Amino acid sequence: MSILLSLLVALHLLCWAVALGLWVAAARTRQPNPGMGHALAGAMVLGIVLAVLVSLTGEPDHMKLGIKLLVGLVALVLGYIAQKKGPETPSPVWFGVPAAIVVNVFVATLV
């Protein structure tokens with residue numbers, strides 16, 4: 001079970017890294033790559049699977065999981081809004097995507 005959890009954590013962080021990398025690649029033109037939304041959705045699905053597995057194997061930190069879920073949903077919604085609006089994406093939405101990604105990773109690793 002430990003190997004499975006480690007693999008899922010690695011894939012979860014990789015999805016966040018891909019989403020952030022695709023945002024950086026599109027930062028100049030503000031034309032998001034569709035893969036950014038898919039990476040954000042993948043990170044959310046893997047995060048929920050990880051939360052369920054941790055709940056089954058031990059006592060999870062519910063506060064941390066709740067904060068990560070909320071910030072992850074914010075990143076996902078902002079990512080899909082940016083994908084829908086394209087180059088006309090408002091600045092708060094456009095710069096909210098990487099901010100939410102970074103906050104989510106910091107909460108995961110530092111809290």
- Query: Can His38 be described as without any contact (Cβ under 8 Å) to a residue 12 or more places away in the chain and not small (Gly, Ala, Ser)?
  - Reply: yes
Looking across the range 44-79 at residues that are in contact (Cβ under 8 Å) with a residue 40 or more places away in the chain and buried (at least 17 other Cβ atoms within 10 Å of the Cβ), the single one that is farthest from Met1 (Cα to Cα) is Gly79
Expected output for the range 15-32 (first residue surrounded by 14 or more Cβ atoms within 10 Å (Cβ to Cβ), partner assigned to a helix (DSSP H, G or I) and among the β-branched types (Val, Ile, Thr), Cβ below 7 Å, 6+ apart or cross-chain) is Trp16/Ile101; Trp16/Val105; Ala19/Ile101; Leu20/Ile101; Trp23/Val97
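Every number here is computed from the coordinates shown, using simple stated rules; none is lab data. Bear in mind the structure is a predicted one, so any value in this text is a computation, not a measurement. No Cβ is skipped: glycine too gets one built from the backbone with ideal geometry, and neighbour counts run over all protein chains shown.
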